[in-house]
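K.L.:
Pasting a structure below so you can have a look.
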Amino acid sequence: GAYLYRTDPARGGAYLRCPFHAATGLWCPGCGLTRGAYQLLHADVVGSLGSNLFVPVAIALVGVAWLDWWRVSRHRAASRWLSYVPIPVWTGLVVVFVAFGVLRNFAPFDALAP
């Protein structure tokens with residue numbers, strides 16, 4: 001988080017390039033998440049959502065995973081927060097994520113590209 005705060009991914013740094021975008025030239029559903037997280041760390045919510053609409057979802061999932069890791073490292077039971085989310089919700093989220101990745105590569109949906 002500290003490195004991301006100090007180093008803008010749009011200007012370089014030790015960030016991995018998206019292998020899907022590098023191989024095809026197309027935007028994957030995750031393209032723009034790092035730039036969006038950087039912008040969110042600098043309180044640019046609109047810019048963050050402009051990079052990738054799924055930044056809030058990704059931040060929430062990473063946060064829950066980090067809290068679980070922290071609990072387990074303190075010899076406590078892992079929380080079961082994510083297991084309370086019904087399967088249809090997870091399925092719907094995956095379908096929307098994939099559809100987002102496909103649509104952002106077509107001209108009428110240019111605004112979805114990072």
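A short reminder: the numbers here are calculations on the coordinates, not readings from a lab. Just so we're clear, the structure is a prediction, and the values are computed from it rather than from any experiment. No Cβ is skipped: glycine too gets one built from the backbone with ideal geometry, and neighbour counts run over all protein chains shown.
K.L.:
Would you work out the charge dipole size for the chain about its Cα centre, treating the Cβ of every Lys and Arg as +1 and the Cβ of every Asp and Glu as -1, and quote it to the nearest 20 debye?
P.N.:
Using Cβ point charges on Lys, Arg, Asp and Glu, the chain gives about 380 debye.
K.L.:
Moving on. Which option, (i) 15.8; (ii) 15.0; (iii) 14.3, is the value of Kirkwood radius over Cα pairs in Å that was calculated from these coordinates?
P.N.:
Computed from the coordinates, Kirkwood radius over Cα pairs in Å corresponds to (i).
K.L.:
Follow-up. Name the residue from TYR15, VAL89, GLY1 whose Cα lies farthest towards the positive end of the charge dipole of the chain, charges +1 on Cβ of Lys and Arg and -1 on Cβ of Asp and Glu.
P.N.:
Positive-end residue among those listed: GLY1.
K.L.:
Hey, another quick one. Tell me the angle of helix 87-103 to the major Cα principal axis of the chain, expressed in degrees between 0 and 90 and rounded to the nearest ten.
P.N.:
20 degrees
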